């Protein structure tokens with residue numbers, strides 16, 4: 001019975017963000033995992049729940065984030081690296097993604113890109 005419930009709920013997963021909506025994700029990162037550089041065209045809150053994470057922007061700027069630290073991104077290209085226990089322990093983050101109006105830079109509308117994450121969101 002539980003397997004059916006899990007299957008039904010996971011088959012309706014939203015895209016990276018939802019038009020006129022909000023998405024909340026609690027993500028467990030394996031030790032040493034590094035996300036691809038990506039940009040979601042949304043307003044994102046990333047909250048470290050457990051562990052230590054390195055936030056890296058496409059400019060090369062980096063910040064170490066610890067439990068309770070919050071990052072706010074709006075269409076910023078970035079990646080996350082789980083550095084908990086020098087990359088030997090898992091970590092957990094909460095992400096809240098809110099739909100926003102298009103973002104423009106230099107007179108051009110910024111487009112989202114997900115890198116290797118794209119395959120996980122095809123058709124959503």
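So the values come out like this:
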quantity: Matching residues, the range 98-116, being modelled with pLDDT of 85 or more and over 15 Å from residue 77 (Cβ atoms); calculated: 98, 99, 107
quantity: Within the range 24-55, considering residues that are over 19 Å from residue 97 (Cβ atoms) and part of a strand (DSSP E or B), the one modelled with the lowest pLDDT; calculated: 34
quantity: Answer residue from the range 59-83, given it is loosely packed, with under 15 Cβ neighbours inside 10 Å and in a strand (DSSP E or B) and is modelled with the lowest pLDDT among those; calculated: 74
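The values are calculated or read from the model by the stated rules, or taken from the named source; none is laboratory data. Worth saying up front: this structure is predicted, and the values here are computed from it rather than measured. Please note: Cβ atoms are built from the backbone with ideal geometry, for glycine as well, and neighbour counts cover all protein chains shown.
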